[in-house]
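To start, the structure under review is shown below, and the notes come after it.
The values are calculated or read from the model by the stated rules, or taken from the named source; none is laboratory data. These numbers were taken from a predicted model, which means no experiment stands behind them. Glycine also receives a Cβ, built like all others from the backbone with ideal geometry; neighbour counts cover every protein chain displayed. Only protein heavy atoms, including side chains, enter the accessible area calculation; ligands, DNA and RNA are left aside. Shrake-Rupley method; radii C 1.70, N 1.55, O 1.52, S 1.80 Å.
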Amino acid sequence: MAAMPHPVTLIPGDGIGPELAEATRRVLDASGVAFEWEVVDAGEALIASHGTPLPEHVLESIRRNRVALKGPITTPVGEGFRSVNVTLRQTLGLYANLRPARSLKGLETRYQDVDLVIVRENTEDLYAGIEHRVGRDAAESIKIITREASERIARFAFDYAVANGRRKVTAVHKANIMKLSDGLFLESCRTVAQAYDGRIEFEDRIVDNMCMQLVQKPELYDVLVLPNLYGDIVSDLAAGLVGGLGVAPGANIGTEAAVFEPVHGSAPKYAGQNKANPTALMLSGVLMLRHLGEQAAAERVEGAIRDVIADGRRVTYDLGGEAGTSDFADAVIERMATSAPSPSEAPVAAS
Ligand code: NAD
């Protein structure tokens, strides 16, 4: 009997989002896993018809399906609406931001053997948005760190390490200076680490030293867990180590739902040109397949993407090639077809 299709909310986004979403959907549909895509729009274009860039039916769809794949959405600078991306994370309680950074063969980068997973706390720290002016010439931003959110993100990092065969978690902080706030984050990580003693190694690094070490010897590190702001900065650093924004996937995970999206934005200057690199959204799709328990399909899609990039003949401009977005998708689909297991190798489906 055919497996039930996975219901997934698909938000194409704007700018380069729709063409990347189309390419990614074709690749995921060719992976052998059945999806029931519920396509919903969000972003500036929705304001005229719905009065908001994030209509309630979009949130309802994600809550119902519990899983969404999302293209980038433009946030106007200055006045205008609040970032749809930040609102989604806060409204749905997506407390963990997961950003793997793994070297891809065929890309010219400074390192060939990076394999890092950045786990960023997504709800508090300086992103709590509590700021005020003090008189005319000063301003204060309040940094919020709680034991509950710190232990929750530490548990997420350790559970991820166990589930994915990783060996070590490094907590990153500045507890030497912010003894109370970052001190509490570190203390919470240490408490959680005890429950994984003997299974997953634990250590900590001060964030400035961490940045230097990642540039000098990234191969020493495995899973990193960080408060929101350091996580934002260090995950971009890690993306830079393995080839930049075009290849950096991400996931925002909570207890009720998970939204998978690339790290990059909507790159409006390339919109509609069939030029942008869909790898980051496709690899976000791979994270989604793993989240759905579809390990074999995840390996198949990731393997095909890696092979096409290593081959180098059908990659997009940012990776030194001339292929368009849709041609890259075709190359990945063709690669999956040629590397699919023969019927005698294929696992027997459970009846
Ligand atoms: P951006 O990531 O959109 O683009 C920066 C540059 O990176 C581009 O000009 C392009 O040269 C390159 N680039 C990015 N993605 C690429 C891809 N897939 N293929 C090839 N090249 C790629 O960053 P930005 O210009 O700072 O932001 C543009 C808009 O996107 C802003 O409105 C911002 O708020 C929004 N944004 C959205 C998200 C999100 O939806 N999660 C994330 C970041 C930025």
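When the chymotrypsin sites (Phe, Trp or Tyr not before Pro) in region 84-168 are filtered for DSSP coil states and for at most 11 other beta-carbon atoms within 10 Å of their beta-carbon, no site remains. Look at the dipole of the chain built from charges on Cβ: of Gly246, Phe328, Gly231, the Cα furthest out on the positive end belongs to Gly231. Atom-type composition of the exposed protein surface of region 243-301 places 51 percent of the accessible area on carbon and sulfur (1.4 angstrom probe).
Near Lys174, once Lys and Arg are set to +1 and Asp and Glu to -1 for all other residues with Cβ below 12 Å from its Cβ, the sum equals -1. The listed residues Asp330, Asp159 rank as Asp159, Asp330 when sorted by accessible area, largest first, using a 1.4 Å probe. Here region 14-150 has 49 percent of its accessible surface on carbon and sulfur atoms, given a 1.4 Å probe and all protein chains in place. From the square roots a ≥ b ≥ c of the eigenvalues of the alpha-carbon gyration tensor of region 25-169, which class results: rounded (a/c under 1.5), prolate (a/b over b/c), or oblate? Oblate, because a/c is 1.5 or more while a/b does not exceed b/c. At a probe radius of 1.4 angstrom, the accessible area of region 1-158 per residue rounds to 50 square angstrom. By a 1.4 Å probe calculation restricted to protein chains, Asp318 has an accessible surface near 60 Å², given to the nearest 10. By the helix-only formula, in which each DSSP H run with n ≥ 4 contributes -39500 (n - 2.57) and the sum is divided by residues, the chain has a 222 nm mean residue ellipticity of -12000 deg cm²/dmol.
The local environment of Gly324, defined by Cβ-Cβ distances under 14 Å, has a net charge of -2 under the rule Lys, Arg +1 and Asp, Glu -1. Taking all protein chains as shown and a probe of 1.4 angstrom, His291 keeps an accessible surface of around 90 Å².
Sites listed here are GluC sites (Glu not before Pro) in region 236-300 whose DSSP assignment is loop and whose Cβ has at most 13 other Cβ atoms within 10 Å: Glu256.
If R0 equals 30 Å, the separation of the Cβ atoms of Asp311 and Glu219 corresponds to a calculated FRET efficiency of about 0.75.
Which of rounded, prolate or oblate describes region 249-320 when judged by the alpha-carbon gyration tensor and an a/c cut-off of 1.5? Verdict is oblate for region 249-320.
Given a 1.4 angstrom probe, I'd like the percentage of the accessible area of region 172-233 that is carbon and sulfur, rounded to a whole number. Numbers along the way, then the final one.
On the way: 1650 of 2960 Å².
Answer for region 172-233 is 56 percent, counting heavy atoms of protein chains only.
Ordering His132, Val58, Tyr270 by Cα displacement along the dipole of the chain toward the positive end leaves His132 in first place; charges were set at the Cβ atoms of Lys, Arg (+1) and Asp, Glu (-1).
For the peptides 97-103, 234-240, 278-284, the ranking by packing is 278-284, 97-103, 234-240, with the highest mean count of neighbouring Cβ atoms within 10 Å listed first.
Taking 27 Å as the cut-off for C-alpha to C-alpha distance, list the pairs among Lys143/Lys269; Lys168/Lys217; Lys217/Lys269; Lys174/Lys217; Lys143/Lys217 that go past it. Cα-Cα > 27 Å for Lys143/Lys269; Lys217/Lys269; Lys143/Lys217; rest within.
Taking Cβ atoms as reference points and 13 Å as the exclusive limit, the residues near Tyr111 contribute a net charge of 0, counting Lys and Arg as +1 and Asp and Glu as -1. Rounded to the nearest 10 square angstrom, Ser141 shows an accessible area of 60 square angstrom against a 1.4 Å probe. For Ala128, project a label point 7 Å along Cα to C-beta. Then give me every residue of region 135-151 with its amide nitrogen under 12 Å of that point. Taking a point 7 Å out along Cα→Cβ of Ala128, the residues of region 135-151 whose backbone N falls under 12 Å are 141-150. Computed from backbone phi with θ = phi - 60° and the Karplus coefficients 6.51, -1.76 and 1.60, the 3J(HN,Hα) list for region 306-321 is 5, 5, 5, 5, 5, 5, x, 7, 10, 10, 7, 3, 5, 9, x, x Hz; x is used for glycine and proline.
Could you report region 200-284's accessible area per residue, 1.4 Å probe, as an integer in Å²?
34 Å²
If the segment from Ala337 to Ala34 were pulled out straight at 0.36 nm per residue, it would be longer than the present Cα-Cα gap by 107.5 nm. The phi torsions of region 182-198, fed into the Karplus equation with coefficients 6.51, -1.76 and 1.60 and a -60° offset, translate into couplings of 5, x, 5, 4, 5, 4, 5, 5, 4, 4, 5, 4, 4, 6, 10, 4, x Hz, rounded to whole numbers, with Gly and Pro shown as x. Treating each Cα of the chain as an identical point scatterer and summing with the Debye formula, the log10 of I(q)/I(0) at q = 0.12, 0.15 Å⁻¹ comes to -0.92, -1.39.
Annotation for region 56-95 versus region 165-239: alpha-carbon center distance of 28 Å.
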